[in-house]
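Everything on this sheet refers to the single structure shown next.
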Amino acid sequence: MTAHVAKPRIRMTMRGGQLVPVRNQAYEGGSMGRRMAGKGNVLSCPNMPIAHSLPLLQSRSHNAIRNNPYAGGAKESYVTNLIGTGIKPQWSDAQIQALWDRWVKECDADGIDDFYGLTSLATGSQFEAGEALARFRYRRTSDGLSVPLQVQLIESEHLDPNYNSLLSGRLVKMGIEFDAIGTRTAYHLWRYHPHEQLTAEINQRVPVPADAVVHMYRRTRPGQLRGVPELTSVIVRLYEIDEMQDATLARQKLAQLFGAFVKRKTTADTDDDGPDFGTLVSTPGESEHDPISEFTPGGIHYLEDDEEVQFGSAPDIGGNYTEWLRTELLALARGAGITYEQLTGDLKGVNYSSIRAGLLEFRRRAEALQAHLIVHQWCRRIAAKWLDVAVTSGVLRIANYWQRRGELLAIDWIAPKWAWVDPLKEVTADVMEVRAGFKPRSEAAGERGWSLEQLDAEIDKGNKSAARYSLVLDSDPRTTGKNGALQAAVEALSTEDEDNDE
């Protein structure tokens with residue numbers, strides 16, 4: 001009997017009066033064959049997966065950062081590279097700048113951090129939980145603040161991703177309330193942290209106007225309402241690396257426990273006890289008939305007649321462990337958005353060119369996050385609210401403020417300058433850019449943590465001090481040239497040459 005083999009069905013179409021086969025024009029990635037079966041077949045909007053998974057993702061991210069050195073180090077590297085000592089504004093008005101410099105020290109509603117410390121804390125929260133939330137807290141003028149406004153940073157768990165409702169025609173999605181045209185009008189926040197045991201019975205949601213809330217998160221799809229932790233794509237890999245390292249450590253610890261096993265010989269005649277040579281000494285705690293239940297480091301364990309010890313041999317990657325771990329950590333660093341060297345501190349085989357190439361790619365991403373995430377969503381919102389409160393409370397008196405508001409809020413936010421391995425090349429490049437007009441002095445000063453006014457004031461102060469004590473320093477280009485020669489002597493020689501020519 002011959003087995004029947006089904007022939008593949010070929011779709012035909014009429015073309016030019018003839019039947020020709022129809023070729024499959026679908027993308028292979030969109031096929032449902034064996035290779036792609038069960039891989040991403042569920043269609044979803046940008047918010048449903050987040051609403052379903054966000055609480056557990058946040059919990060696992062918190063746990064990993066608390067207990068895993070790679071996760072904790074990734075967060076620290078992310079924050080310190082994006083924020084450093086602070087992304088600082090340069091206001092066009094000196095009076096506004098001076099008031100801002102006073103307020104940054106008292107802006108924290110908890111009374112702990114300054115504004116730049118709050119920015120670091122918010123950026124760390126965005127990395128760890130996917131988003132950062134802050135509330136504006138308006139204060140009385142009698143509270144003694146330079147501007148009656150403070151910022152309270154709260155964890156994103158205060159905003160329940162599973163709270164959806166329809167309130168008098170106003171839609172609430174993932175805890176955020178929208179009006180008829182899709183504008184955010186309020187955030188429904190838990191009064192207390194939802195995971196606080198002592199406040200669970202009295203906790204309730206409070207609608208807070210959207211104008212009083214800063215919501216900073218990285219949006220990766222249009223219409224996305226909430227952020228996800230930066231470790232989301234590598235959270236499974238992170239835990240598996242941890243488990244693999246624990247298993248390897250346990251295997252090595254077990255190997256160090258083996259001392260010696262003594263196996264007794266059995267005589268042919270069991271009725272003849274033979275001569276009595278005394279009692280064998282066993283490991284303390286073991287009787288002659290007690291089974292071996294645990295090992296002690298370097299212990300000598302005696303076996304009973306006809307007993308032997310066998311150990312199972314679990315699969316082991318052996319000498320490939322180091323390369324396997326490096327490969328996993330490379331993927332982890334990529335998923336966390338930092339370089340392998342930043343994640344691990346491993347500089348083996350790194351040279352100046354290779355580490356510079358890696359840092360350039362990382363810093364392009366960091367600059368994009370600084371501009372689009374931190375400055376636009378966090379710094380700009382807080383600065384605008386602060387200036388409005390300063391003017392409306394009478395602390396600042398600015399004529400035609402509401403007409404000039406856009407002009408006054410055109411702030412240059414300066415992030416700390418990236419430090420390179422070779423500072424001489426870095427400074428030389430800055431000097432060339434400033435002298436060529438490609439870069440203003442204010443930007444070069446801001447990258448080093450100074451406003452231009454502060455820098456010039458300090459230079460002027462130093463020059464006056466040097467003149468008072470009759471000091472001639474290479475740092476003063478009015479008295480010395482780049483090669484250290486006295487400017488006055490150079491000018492005198494130049495004048496003498498001109499006279500001789502005449």
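The values are calculated or read from the model by the stated rules, or taken from the named source; none is laboratory data. Small disclaimer: the values here were computed from a predicted structure and weren't measured. Every residue, glycine among them, receives a Cβ derived from its backbone with ideal geometry; neighbour counts consider all protein chains shown. Quick note on the areas: whole protein, heavy atoms, side chains included, nothing else; ligands and nucleic acids left out. Shrake-Rupley method; radii C 1.70, N 1.55, O 1.52, S 1.80 Å.
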Which residue pairs have Cβ atoms closer than 6 Å, lie 6 or more positions apart in sequence or on different chains, and pair a first residue in the stretch 195-211 that is free of Cβ contacts under 8 Å to residues at least 40 places away in the same chain with a second residue that is of a type in the set (S, T, N, Q)?
-> Ala210/Thr185
Leading residue by the ranking (modelled with the lowest pLDDT) among those in the stretch 400-421 that are open to solvent by less than 50 Å² (accessible area, probe 1.4 Å) and in a loop (DSSP other than H, G, I, E, B) = Trp418
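Could you identify the single residue in His188, His215 that is in contact with a Phe, Trp or Tyr (Cβ under 8 Å, 6 or more places away or on another chain), surrounded by 15 or more Cβ atoms within 10 Å (Cβ to Cβ) and either free of Cβ contacts under 8 Å to residues at least 40 places away in the same chain or among the small types (Gly, Ala, Ser) (or both)?
Numbers: His215 fails: either free of Cβ contacts under 8 Å to residues at least 40 places away in the same chain or among the small types (Gly, Ala, Ser) (or both).
On inspection, the qualifying residue turns out to be His188.
Specify which of the listed residues (Ala436, Ala466) is modelled with pLDDT of 80 or more, surrounded by 12 or more Cβ atoms within 10 Å (Cβ to Cβ) and of a type in the set (A, V, I, L, M, F, W, C).
Numbers: Ala436 fails: surrounded by 12 or more Cβ atoms within 10 Å (Cβ to Cβ).
Sole residue among the options that is modelled with pLDDT of 80 or more, surrounded by 12 or more Cβ atoms within 10 Å (Cβ to Cβ) and of a type in the set (A, V, I, L, M, F, W, C): Ala466.
Restricting to the stretch 77-103, and then to whatever is β-branched (Val, Ile, Thr) and open to solvent by less than 10 Å² (accessible area, probe 1.4 Å), can you tell me which residue is nearest to Arg139 (Cα to Cα)? Walk me through how you get there before you give the answer.
In the first step, residues of the stretch 77-103 are kept if they are β-branched (Val, Ile, Thr); the result is 79-80, 83, 85, 87, 96.
Pick out the ones that are also open to solvent by less than 10 Å² (accessible area, probe 1.4 Å) and you get 83, 87, 96.
Numbers: Ile83: 28, Ile87: 25, Ile96: 20 Å.
Selected residue: Ile96.
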The correct count of residues that are exposed (fewer than 14 other Cβ atoms within 10 Å of the Cβ) and among the aromatic types (Phe, Trp, Tyr) in the stretch 333-387 is 1
How many of the residues making up the stretch 44-76 are aliphatic (A, V, I, L, M), in contact with a helix residue (DSSP H, G or I) (Cβ under 9 Å, 6 or more places away or on another chain) and free of Cβ contacts under 8 Å to residues at least 60 places away in the same chain?
-> 0
Checked the stretch 64-91 for anything farther than 24 Å from Ala368 by Cα and over 15 Å from the mean Cα position of the chain (by Cα); matches are Asn67
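Has the stretch 483-491 got at least one residue that is more than 16 Å from Asp412 (Cα to Cα), out of contact with any His (no Cβ under 7 Å at 6 or more places or on another chain) and modelled with pLDDT of 85 or more? Give the steps one after another, and end with the answer.
Here is the first cut: in the stretch 483-491, the residues more than 16 Å from Asp412 (Cα to Cα) are 483-491.
Filter once more, keeping what is out of contact with any His (no Cβ under 7 Å at 6 or more places or on another chain): 483-491.
Subsequent filtering for residues that are modelled with pLDDT of 85 or more retains none.
No, because not a single residue in the stretch 483-491 is more than 16 Å from Asp412 (Cα to Cα), out of contact with any His (no Cβ under 7 Å at 6 or more places or on another chain) and modelled with pLDDT of 85 or more.
In the stretch 41-88, which residues are aliphatic (A, V, I, L, M) and at pLDDT below 90?
First pass over the stretch 41-88, keeping only residues aliphatic (A, V, I, L, M): 42-43, 48, 50-51, 54, 56-57, 64-65, 71, 74, 79, 82-83, 87.
The answer is Val42, Leu43.
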If you scan the stretch 132-150, which residues turn out to be in contact with a Leu (Cβ under 9 Å, 6 or more places away or on another chain) and closer than 28 Å to Gly446 by Cβ?
-> Ala132, Ala134, Phe136, Ser146, Val147
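Take the residues in the stretch 118-149 that are free of Cβ contacts under 8 Å to residues at least 12 places away in the same chain and part of a helix (DSSP H, G or I), then tell me which one is surrounded by the fewest Cβ atoms within 10 Å (Cβ to Cβ).
At the first step, the residues of the stretch 118-149 found to be free of Cβ contacts under 8 Å to residues at least 12 places away in the same chain are 139-140, 142-144.
Checking which are part of a helix (DSSP H, G or I) leaves us with 142-143.
Details: Ser142: 7, Asp143: 9.
The qualifying residue surrounded by the fewest Cβ atoms within 10 Å (Cβ to Cβ) is Ser142.
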